[in-house]
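Have a look at the structure below, then the notes.
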Protein chains: 2
Amino acid sequence: MARSCGVCASGDNYRMRITVLAGGVGASRFLRGLVAAAPDAKITVIGNTADDITLFGLRVCPDLDTVMYTLGGGINADQGWGRADETFSVGEELAAYGAEPSWFTLGDRDFATHILRSQLLASGQPLSAVTRTLCERWRPGVELIPMSDDKIETHVKIKNADMERTVGSTGDGQADLIHFQEWWVRLHAAVPASAIIPVGAAEAAPAPGVLEAIAEADFVLFPPSNPVVSIGPILAVPGIRDAVAAKTVVAVSGIIGGAPVRGMADVCLTTIGVETTAAAVAAHYGAEVINGWLVDEQDKAAADDPALAGIAVRALPLYMRDVPSTAAIAQAAIDLAQELAR
Amino acid sequence: MARSCGVCASGDNYRMRITVLAGGVGASRFLRGLVAAAPDAKITVIGNTADDITLFGLRVCPDLDTVMYTLGGGINADQGWGRADETFSVGEELAAYGAEPSWFTLGDRDFATHILRSQLLASGQPLSAVTRTLCERWRPGVELIPMSDDKIETHVKIKNADMERTVGSTGDGQADLIHFQEWWVRLHAAVPASAIIPVGAAEAAPAPGVLEAIAEADFVLFPPSNPVVSIGPILAVPGIRDAVAAKTVVAVSGIIGGAPVRGMADVCLTTIGVETTAAAVAAHYGAEVINGWLVDEQDKAAADDPALAGIAVRALPLYMRDVPSTAAIAQAAIDLAQELAR
């Protein structure tokens, strides 16, 4: 049953259009709540591809796959990424061959996705078309579009000279720059970084449908994804930031009580000189991009932060414990967006 | 302990050099017996690559892998091909995606080999170098060299117009020509064929080391491999037939009592107009290529066949039941080769 639109009041036949910029695990959990809160909405998800990496000659898109598997019912729910009922024979064998890298675990079922994706990419299809094909199986209930068909990879600048040997694997020939995944997964972000760079973003174009989905949306949502390495690279694709800034945008804080709910966003924020607080992240996005900011109740003081002038802050329980609690967060985001869009 | 050489009597320090042209399952079983019979010999295996096929964007080399897995201890011994302790998650997932082809079963452990091979090939390494790298893990105890680094694929000409749609998958644009694997595995060789063509062989060159291994060998052995689609393509690579013909060659019949011991060699022989008898296969190879021919005791009449003039025929029990019985066959091949080389 279609809901009436709170923005234009166009009646029962109006289908709310929501566009979401998404990273991986946090975004996927939020999206599950959003789909529950707005089952009749047309939801378009612009997925971060800057975490993508080529492993064993296969193109791996962790964030796109996490969204696809989560909404398609194939996710390993406990860990939030990877496939349920997974086996690990391929990885064991590659390790037995001494194949590198040995620090990135891929399950067999997951490998199938990467094999098929790589085959389709090699046949000349752009990533957006390949993602559509993969989603034909998973039917995630949203339209999932990679932010760009061009190759963008977040690289991390580290100071340790003894890490220089790892640079070869990135293939860019730049000293002390390693792929984000190597820093994140292999080094657990424990090696101090001086910069986080979405390599290729400046020369990239949004994938077909991205700008249209933003322009046509009633509002745009940012899930509690990593602002630096998930939302940041999406906004770094030329054209996307401006398109988003022209819309009503409500973002959900991934920082609660001065710490990331999950992951190591604090290390990323520190690297770019942003405090790990809900208020600092909102100020980092800026009032020119976001109009509304959902924070946890323990961060409600952000509402009075002068640095957040022009951003409507709402405090509510923000831990995504399960689908109902997450749907409540998503509904609050919808409500605030509709209120701000009036 | 090195054996003395029966050919040149060069003494205890002489290491017998044997070069073997090899297909898949039959050759691998024979080789296991040969290694047992001649543990100190330097054995070089020239592997057929005309069965190779690109599946899901990955290069699959069934014959090379069967030799490698069998001699390296990783084979599924019961079926004679594929990996022991195999799992099938990747294939299940590809099927769930609707990926084609669905008729070729690859296990997860096997997939790892194809993933690594494809990655190394894509990096610019020739197949011979890639095969060496893979063998560093398996240590098969022989030197395994693909017959060529150039792409050669056996295609089968079929008459059925309704099979024309499958031609697209071969990528060659020729009507009614399908990849050998499609005919063999998908159609079980049940669709009549009018020709079996090693596409690309005429333009190919032997891989580095192939001609040297033949020239330096004390003798050359043909295992009981399929004479049409296993040994045939190897001999079709320019230069190999002449190099082999210049040596003492002993071949082992894969036909016993008018039927192939394993596989569908009879269909292949019929296609090229050769009777499915041990004598007819020897005549097909011809006295200009083979000097000795081992047949099963039930085929001992071949010794008196005038078509086999110039070929020394020896009859013995030829079923490869286990390693000892196969080692006895291999020893008989060695003995005959040494006798003929004197």
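The values are calculated or read from the model by the stated rules, or taken from the named source; none is laboratory data. Note that the structure is a prediction, hence the values are computed from the model and not measured. We place every Cβ from the backbone using ideal geometry, glycine too, and count neighbours over all the protein chains shown. Each accessible area value is taken on the protein alone, full model and side chains, heavy atoms only, with ligands, DNA and RNA left out. Shrake-Rupley method; radii C 1.70, N 1.55, O 1.52, S 1.80 Å.
Summary table below
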{"read-out": "Selection status of B:Val67, within 21 Å of the chain's Cα centre (by Cα), part of a helix (DSSP H, G or I) and more than 21 Å from B:Gly26 (Cβ to Cβ)", "value": "no"}
{"read-out": "Filtered residues of segment B:102-138 (kept if in a loop (DSSP other than H, G, I, E, B) and either facing another protein chain (nearest Cβ under 9 Å) or under 17 Å from B:Cys61 (Cβ atoms) (or both))", "value": "B:Phe104, B:Thr105, B:Leu106, B:Gly107, B:Ser123, B:Gln125, B:Pro126"}
{"read-out": "So A:Ala96, is it surrounded by fewer than 20 Cβ atoms within 10 Å (Cβ to Cβ) and more than 9 Å from chain B (Cβ to nearest Cβ)", "value": "no"}
{"read-out": "A:Ala41 surrounded by fewer than 24 Cβ atoms within 10 Å (Cβ to Cβ) and either out of contact with any Phe, Trp or Tyr (no Cβ under 6 Å at 6 or more places or on another chain) or within 14 Å of chain B (Cβ to nearest Cβ) (or both)", "value": "yes"}
{"read-out": "Complete set of residues in segment B:301-325 that are more than 16 Å from B:Ser225 (Cα to Cα) and surrounded by 20 or more Cβ atoms within 10 Å (Cβ to Cβ)", "value": "B:Ala302, B:Leu308, B:Ile311, B:Val313"}
{"read-out": "When residues of segment A:286-300 are limited to those that are of a type outside the set (A, V, I, L, M, F, W, C) and touching a strand residue (DSSP E or B) at 6+ places or on another chain (Cβ under 6 Å), the one most open to solvent (accessible area, probe 1.4 Å)", "value": "A:Lys300"}
{"read-out": "Elements of type helices (runs of 4 or more DSSP H) in segment A:186-303, at least 1 residues being more than 30 Å from A:Asp149 (Cα to Cα)", "value": "A:278-285"}
{"read-out": "Some residue of segment A:53-61 being under 23 Å from B:Asp85 (Cβ atoms) and within 14 Å of another protein chain (Cβ to nearest Cβ)", "value": "yes"}
{"read-out": "A:Ala332 out of contact with any helix residue (DSSP H, G or I) (no Cβ under 8 Å at 6 or more places or on another chain) and either under 26 Å from A:Thr70 (Cα atoms) or part of a helix (DSSP H, G or I) (or both)", "value": "yes"}
{"read-out": "Subset of segment B:115-127 [touching a residue at least 40 places away in the same chain (Cβ under 8 Å), surrounded by fewer than 22 Cβ atoms within 10 Å (Cβ to Cβ) and more than 19 Å from A:Val90 (Cβ to Cβ)]", "value": "B:Pro126"}
{"read-out": "Lone unmet requirement of (1) touching a residue at least 24 places away in the same chain (Cβ under 8 Å); (2) in a loop (DSSP other than H, G, I, E, B) for B:Pro39", "value": "(1)"}
{"read-out": "Any hit, segment B:58-81, residues being of a type in the set (A, V, I, L, M, F, W, C) and free of Cβ contacts under 8 Å to residues at least 24 places away in the same chain", "value": "yes"}
{"read-out": "Close pairs from segment A:294-318: first within 18 Å of A:Ala328 (Cα to Cα), partner polar (S, T, N, Q), Cβ under 6 Å, at least 6 apart", "value": "A:Val295/A:Ser253"}
{"read-out": "Failed condition for B:Glu86, given (1) without any contact (Cβ under 8 Å) to a residue 60 or more places away in the chain; (2) open to solvent by 30 Å² or more (accessible area, probe 1.4 Å); (3) part of a helix (DSSP H, G or I)", "value": "(3)"}
{"read-out": "Filter pass, A:Phe111 being out of contact with any Pro (no Cβ under 7 Å at 6 or more places or on another chain), at pLDDT below 95 and open to solvent by less than 50 Å² (accessible area, probe 1.4 Å)", "value": "no"}
{"read-out": "Condition broken by B:Gly80, with the remaining ones in (1) within 14 Å of another protein chain (Cβ to nearest Cβ); (2) on the phi > 0 side of the Ramachandran plot satisfied", "value": "(1)"}
